[in-house]
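The values are calculated or read from the model by the stated rules, or taken from the named source; none is laboratory data. Being a predicted model, the structure only gives us computed values, none of them experimental. Neighbour counts run over all protein chains shown; Cβ positions are idealised from the backbone, glycine included. The area values use the complete protein model at the heavy-atom level, side chains included, leaving out ligands, DNA and RNA. Shrake-Rupley method; radii C 1.70, N 1.55, O 1.52, S 1.80 Å.
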Amino acid sequence: MKIENVVASTALRGDFDLQAMALALDGAEYEPEQFPGLIYRLKEPKTATLLFRSGKVVCTGAKTVDDVRVAIRKVARVVEGIGVEVDLDPPVVVQNIVASADLGQEIDLNAIAISFGLERVEYEPEQFPGLVYRLQEPKAVLLLFGSGKLVCTGAKEPRMVLEAVDKVTEDLRAAGLLR
């Protein structure tokens, strides 16, 4: 399993003057006609942080939850450095973890769709080449591909990704669809 992206949110303060911040922050992107937030990218850890007028912040692109925390603290210090009062160590809430994995063999998506049933599975190969498998526990969505590769999304903690991959592997083996 490899974490590809961690998306998390927090709030740094009550409200931001995004136009003034865009002028003061080196490399900031702010085009309110295109997107309502200011985009500020870090090279290390490689992330994009979206700052909104409300003071809410979304960090995306991190590979670990720790990297999200580091990125948000760095952005808070940079914003404080231009004279904006902010919380330097705000509580961070993970919204989504996207991870990839490989089952190690090709799988028959048609057989999986029939075996797993329509209440948990969406499979329309003419629309999308993957099978969408919704898990209740852990609450996550898996995109399964015929190659045996999969993408897990919707997890809030790395352990949930592992549990989801273990669960689908177990379900596939139980149905005789995986060695």
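Data for the structure
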quantity: Accessible surface of region 75-151, 1.4 Å probe, proportion on carbon and sulfur as whole %; calculated: 52
quantity: ³J(HN,Hα) computed for each position of region 134-141 - Karplus, 6.51 cos²θ - 1.76 cosθ + 1.60, integer Hz, glycine/proline x; calculated: 9, 9, 8, 9, x, 6, 7, 10
quantity: Order of exposure, largest accessible area first, which applies to 157, 85 with probe 1.4 Å; calculated: 85, 157
quantity: Rg and Dmax [Cα atoms of region 61-118; Å; Rg one decimal, Dmax integer]; calculated: 20.5, 60
quantity: Overall Cα dimensions of region 61-174 - principal axes, largest extent first, Å; calculated: 59, 27, 26
quantity: Extension reserve of the residue 89-residue 108 stretch, reckoned as 0.36 nm per residue once the Cα distance is removed; calculated: 2.1 nm
quantity: Neighbourhood charge, 11 Å Cβ-Cβ cut-off, centred on residue 100 and excluding it, Lys, Arg +1 and Asp, Glu -1; calculated: 0
quantity: Scattering curve values for region 102-167, log₁₀ I(q)/I(0), Debye with Cα scatterers, q = 0.16, 0.21 Å⁻¹; calculated: -0.49, -0.84
quantity: Value of Rg to Rh for region 1-55 (Rh from inverse mean 1/r over Cα pairs, i.e. Kirkwood); calculated: 1.01
quantity: Region 8-132: relative contact order in percent, alpha carbon pairs under 8 Å with at least 6 residues between; calculated: 23
quantity: In the chain, lysine pairs closer than 14 Å at Cα, eight or more apart or cross-chain; calculated: 9
quantity: Heavy atoms of residue 52 accessible to a 1.4 Å probe, total area in Å² rounded to 10; calculated: 50
quantity: About the Cα centre, charge dipole magnitude for the chain (Lys/Arg +1, Asp/Glu -1 at Cβ), debye; calculated: 400
quantity: Charge dipole (debye, nearest 20) of region 110-179; +1 at Cβ of Lys and Arg, -1 at Cβ of Asp and Glu; calculated: 200
quantity: Under the Debye formula (equal points on every Cα, no solvent term), log10 I(q)/I(0) of region 1-125 at q = 0.13 Å⁻¹; calculated: -0.60
quantity: Net length gained if the chain between residue 149 and residue 46 were fully extended (0.36 nm per residue, minus Cα distance); calculated: 34.6 nm
quantity: Per-residue SASA entry for residue 59, accessible area with 1.4 Å probe, Å² rounded to 10; calculated: 0
quantity: Candidate residues 107, 114, 82: accessible-area rank, largest first, probe 1.4 Å; calculated: 114, 82, 107
